[in-house]
Amino acid sequence: MNFLASYALPFGRNKRFLTDAPAIVNKFIGDWDLGVIGILQSGRPLPILSGRRTAGSTASQLADFNGTDRSMGQVRVQGNGVFYFLPDEISRFAFAPAGSVGSSGRNNFRGPGFYNLDLALSKKIPLTERFKLGFRMEMFNALNKANFDNPNNNFSIPNSFGRITALVNGSSGNGARVMQAALRLDF
């Protein structure tokens with residue numbers, strides 16, 4: 001889900017708060033706009049591979065799954081890395097027997113979810129009838145949220161199965177919070 005909102009802050013002349021502010025004060029506190037852009041997504045599909053070619057093809061087949069609840073996994077940080085599956089969740093997977101493709105199913109599991117929030121605060125300051133000064137401050141990844149990529153999905157590598165080693169590659173929300181400000185003269 002993506003969402004976008006814009007809100008004129010209620011401060012300054014002809015607004016709800018400080019409506020009788022002097023002109024010089026209104027130049028600083030009035031006519032501010034707040035913009036918000038957000039992304040909220042469930043995790044990407046996560047097939048669990050056995051790492052073995054059990055069905056007579058050159059491709060790695062799916063692992064067997066002996067559980068019923070496929071909505072498992074949660075990002076957790078341990079001393080030696082970031083992991084997605086708990087040890088009891090890992091124990092539900094097994095190698096598929098020879099001649100079978102594995103019962104875990106294609107894309108039946110989901111990786112970590114993704115969310116991001118970007119904010120913008122802007123104001124037009126009238127200098128003269130013809131000139132206006134525009135100020136804009138932006139904050140990308142305002143919540144400073146690390147969005148993790150899918151974990152290693154190859155069951156045949158026990159030391160790294162379920163380990164997360166990367167962040168999601170996308171247009172925003174990947175790195176630490178970034179803030180920037182700009183001034184613009186309109187005439």
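Please report, ordered by residue number, the strands (runs of 3 or more DSSP E) entirely within region 69-177 with at least 3 residues that are touching a residue at least 24 places away in the same chain (Cβ under 8 Å).
Counting at least 3 such residues, we get 81-83, 114-126, 132-140.
Inside region 7-41, can you point out the residues that are charged (D, E, K, R) and part of a loop (DSSP other than H, G, I, E, B)? Reasoning before the result, please.
We begin by selecting, within region 7-41, every residue charged (D, E, K, R); these are 13, 15-16, 20, 27, 31, 33.
Matches in region 7-41: ARG13, LYS15, ARG16, ASP20, ASP31.
Out of region 14-31, which residues are within 18 Å of LEU133 (Cβ to Cβ) and either over 37 Å from the mean Cα position of the chain (by Cα) or surrounded by 15 or more Cβ atoms within 10 Å (Cβ to Cβ) (or both)? Talk me through it step by step, then tell me what you get.
Initial filter on region 14-31 (within 18 Å of LEU133 (Cβ to Cβ)): 23-31.
Of everything in region 14-31, those that are within 18 Å of LEU133 (Cβ to Cβ) and either over 37 Å from the mean Cα position of the chain (by Cα) or surrounded by 15 or more Cβ atoms within 10 Å (Cβ to Cβ) (or both) turn out to be ALA23, ILE24, VAL25, ASN26, LYS27, ILE29, GLY30, ASP31.
Mind listing whichever residues of region 44-70 are surrounded by fewer than 16 Cβ atoms within 10 Å (Cβ to Cβ) and within 19 Å of the chain's Cα centre (by Cα)?
ARG44, PRO45, listed by residue number.
Read-outs: derived from the displayed coordinates by stated rules, not from any lab. Model, not experiment: these values are computed from the prediction. Please note: Cβ atoms are built from the backbone with ideal geometry, for glycine as well, and neighbour counts cover all protein chains shown.
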